[in-house]
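Throughout, read-outs are computed from the coordinates displayed, never taken from laboratory work. Everything numeric here is computed off the predicted structure, so don't read it as measured data. Here the Cβ positions follow ideal geometry from the backbone for every residue, glycine too, while neighbour counts run over all protein chains shown.
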Amino acid sequence: MKITKICCIGAGYVGGPTMAVIAKKNPNIQVTIVDINAERIAAWNNEDVSQLPIYEPGLAEIVKETRGKNLHFSTEIDKSIDESEMIFISVNTPTKTYGKGKGMAADLKYVELCARNIAEVATTDKIVVEKSTLPVRTAQAIKSILNNTGNDVKFDILSNPEFLAEGTAIEDLLSPDRVLIGGESEEAIESLAKVYGAWVDDERILRTNVWSSELSKLTANAFLAQRISSINAISELCEKTEADVNEVARAIGMDSRIGPKFLSASIGFGGSCFQKDILNLVYIARSYGLTEVAEYWEQVITLNDHQKRRFSDNLISTLYNTVSGKKIAMLGWAFKKDTNDTRESAAIYVADHLLSEQAQIAVYDPKVSEQRIQADLNYLNTRSEEENQELVDTFNNPYEAVKDAHAIAIMTEWDEFKTYDWKKIYDSMKKPAFIFDGRNILNEEETTKLGFEYSGIGK
Ligand code: UDX
Ligand code: ADP
């Protein structure tokens with residue numbers, strides 16, 4: 001099938017950057033991203049590209065270049081579906097918060113609604129590409145909905161999992177390690193391979209069956225998350241011995257079989273994928289009666305929760321066992337640097353714990369809004385919205401956030417934190433001035449020389 005028009009349902013962290021790059025590299029294809037959220041679409045259409053709903057290095061430039069030419073943002077979902085030969089589903093698949101599989105299984109209601117929507121309005125044959133992270137065998141479910149409710153048009157379903165990491169999404173999309181396409185119809189697979197072929201070498205485009213493709217995505221994320229939990233487990237052991245986790249990571253990373261990436265000990269991984277995907281894997285394993293497999297992967301999450309809790313416990317015990325009424329300045333709220341995404345960010349859980357101990361929290365993050373921070377805390381339902389509002393202040397200037405603080409907690413590894421005037425910060429804080437470096441980004445020796453009481457991870 002010759003592809004001249006692509007529709008992407010879901011204008012989020014996956015759909016936005018992915019379609020922007022597809023449009024840039026395929027000037028002959030018209031790409032329309034649709035969403036039910038009109039506010040979000042309006043933000044994508046904002047004249048001023050610095051105001052796009054998603055912050056991703058390099059994204060604004062590509063949107064500026066392609067928007068209005070062959071990249072469009074719209075709320076006209078039905079129209080765009082029917083006009084296009086290829087439809088990507090990039091809607092959110094959060095962990096279920098109700099019913100069977102609550103807290104474990106992926107909530108597929110948004111995906112199902114999309115499939116039904118496509119089935120209802122499509123009048124010509126379509127290739128439907130699942131892009132959202134989904135549990136294994138979802139393509140089968142989508143297929144069944146499409147084939148049983150459609151208007152006698154032919155649907156080919158492909159699984160094309162996304163491997164971009166936020167903060168480096170554009171780079172990852174422009175030079176992917178691999179592009180994975182799972183499907184039954186060779187013709188449909190080749191149509192999608194051609195879209196990527198505009199800039200990706202063919203040997204990097206892997207063709208598999210649908211289930212391998214779906215399971216590869218969960219497995220890749222589970223392995224990556226496992227590395228972080230592994231090094232974080234060692235970080236606790238380092239704190240009890242005289243070892244330094246950075247030195248251990250460097251030493252093991254030089255073993256070419258292990259490799260140096262994803263070995264930074266931290267306050268614990270966050271983001272929309274790792275926890276959700278492992279929970280999915282665990283849920284699927286359980287549903288097949290594979291208890292040992294489920295328990296094996298579940299430990300990755302247990303350790304991650306432990307690492308977040310350990311960080312706040314250590315902060316409290318160092319501040320003489322109480323943070324009640326004390327000002328704790330949190331630098332960073334996003335789950336990693338170079339993104340404004342805060343989903344599952346460790347900062348949320350650390351803040352929530354400190355608030356339950358009656359701390360006053362001051363937050364500075366270069367890209368996260370006050371509204372987002374309040375919404376993240378309110379979502380946990382630990383206390384009233386009014387209390388969160390009263391106990392948490394958000395600042396646009398880091399020097400104001402840290403003024404008169406008893407302690408600073410570094411939650412995100414934003415580069416700018418390294419270049420601050422730390423002497424000035426020290427002078428403006430209450431003494432002793434504590435730093436809890438949840439990302440090991442500051443130099444311990446220099447910081448201690450300035451007078452700080454420094455505490456890193458795994459040191
Ligand atoms: C991840 C996968 O990397 C990506 O391929 C997939 O498509 C989606 O999930 P993302 O969640 O955007 O991407 O970011 P990633 O860079 O993987 O980081 C996830 C979390 O792990 C962050 O909180 C990060 O700070 C943390 N992390 C990462 C560590 O704590 N230590 C490390 O060494 C690396
Ligand atoms: P991701 O990180 O997976 O991209 P996001 O939450 O950033 O997740 O984006 C998903 C987007 O999908 C949201 O903007 C949401 O409004 C949109 N969406 C969800 N369901 C539908 C639907 N049925 N039709 C159109 N858009 C949808």
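Which of the peptides 157-168, 57-68, 313-324 is most tightly packed, and how do the rest follow, going by the mean number of other Cβ atoms within 10 Å of each residue? Display every interim value, and only then the final one.
Working: 157-168: 21.2, 57-68: 17.1, 313-324: 15.2.
Per-residue mean Cβ counts within 10 Å order the peptides as 157-168, 57-68, 313-324.
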Notebook entry, point to check: With the Cα gyration tensor of segment 5-208 giving a ≥ b ≥ c as the square roots of its eigenvalues, does the rule (a/c under 1.5 for rounded; else a/b larger than b/c for prolate; else oblate) give rounded, prolate or oblate?
Noted result: rounded
Checklist line | Cα-centre dipole for the chain with unit charges at Cβ (Lys and Arg positive, Asp and Glu negative), debye to 20 | finding: 360 debye
Notebook entry, point to check: Which of Gln307, Thr318, Leu377 sits farthest toward the positive end of the charge dipole of segment 306-455, with +1 on the Cβ of Lys and Arg and -1 on the Cβ of Asp and Glu?
Noted result: Thr318
Margin query: Tell me which of Ser216, Ala198, Asn232 sits at the most positive position along the dipole axis of segment 182-310, charges placed on C-beta atoms (Lys, Arg +1; Asp, Glu -1).
Written below: Asn232
Next item on the list: Would you calculate the volume per residue, in Å³, of the smallest convex hull containing every Cα atom of segment 132-225?
Entry: 109 Å³
Check: With r defined as the distance between the Cβ atoms of Thr318 and Thr123 and R0 fixed at 45 Å, what FRET efficiency is calculated, to the nearest 0.05?
Finding: 0.10
Notebook entry, point to check: Seen from all sides and averaged, what is the projected area of the convex hull of the Cα atoms in segment 306-455, in nm²?
Noted result: 7.8 nm²
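Based on alpha-carbon atoms only, what is the radius of gyration of segment 218-301 relative to the globular estimate 2.2 N^0.38 Å? Spell out each step's value before the answer.
Details: Rg = 14.2 Å, N = 84, 2.2 N^0.38 = 11.8 Å.
Segment 218-301 yields a ratio of 1.20.
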Checklist line | Ellipticity estimate at 222 nm from DSSP helix runs (n ≥ 4, -39,500 (n - 2.57)) divided over the chain, nearest 500 | finding: -13500 deg cm²/dmol
Next item on the list: Would you mind getting the Kirkwood hydrodynamic radius of segment 199-345 from its Cα pairs, rounded to one decimal in Å?
Entry: 17.7 Å
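Starting from the alpha-carbon convex hull of the chain, give the projected area averaged over all orientations, in nm².
On the way: hull surface 90.9 nm².
Hull-based average projected area comes out at 22.7 nm².
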Checklist line | Relative contact order computed over segment 271-355 (Cα-Cα under 8 Å; 6+ residues apart), in percent | finding: 31 percent
Next item on the list: Just subtract the alpha-carbon distance of Lys240 and Asn151 from 0.36 nm times their residue separation and send over the number in nm, one decimal.
Entry: 25.5 nm
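Using 0.36 nm per residue, how much length does the chain from Asp415 to Thr75 gain when fully extended, once their Cα-Cα distance is taken away?
Gain in length upon complete extension: 118.8 nm.
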Item checked: Given charges at beta-carbon only (K, R positive; D, E negative), |dipole| of segment 156-300 in Debye -> 220 debye
Notebook entry, point to check: Once both labels are modelled 7 Å past Cα along the beta-carbon direction, what's the Lys109-Glu292 spacing in nm?
Noted result: 3.8 nm
Note to self: As I understand it, the dipole of the chain uses +1 on the Cβ of Lys and Arg and -1 on the Cβ of Asp and Glu, about the Cα centre. Which of Ala139, Ile118, Gly268 lies farthest toward its positive end?
What the structure shows: Ala139
Notebook entry, point to check: Going 7 Å from the Cα of Glu61 toward and past its Cβ, which residues in segment 155-180 have a backbone nitrogen under 20 Å from where you end up?
Noted result: 164-177
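Taking R0 as 41 Å, what FRET efficiency do you get between Val49 and Lys423 from their Cβ-Cβ distance, rounded to the nearest 0.05?
Efficiency for this residue pair is about 0.65.
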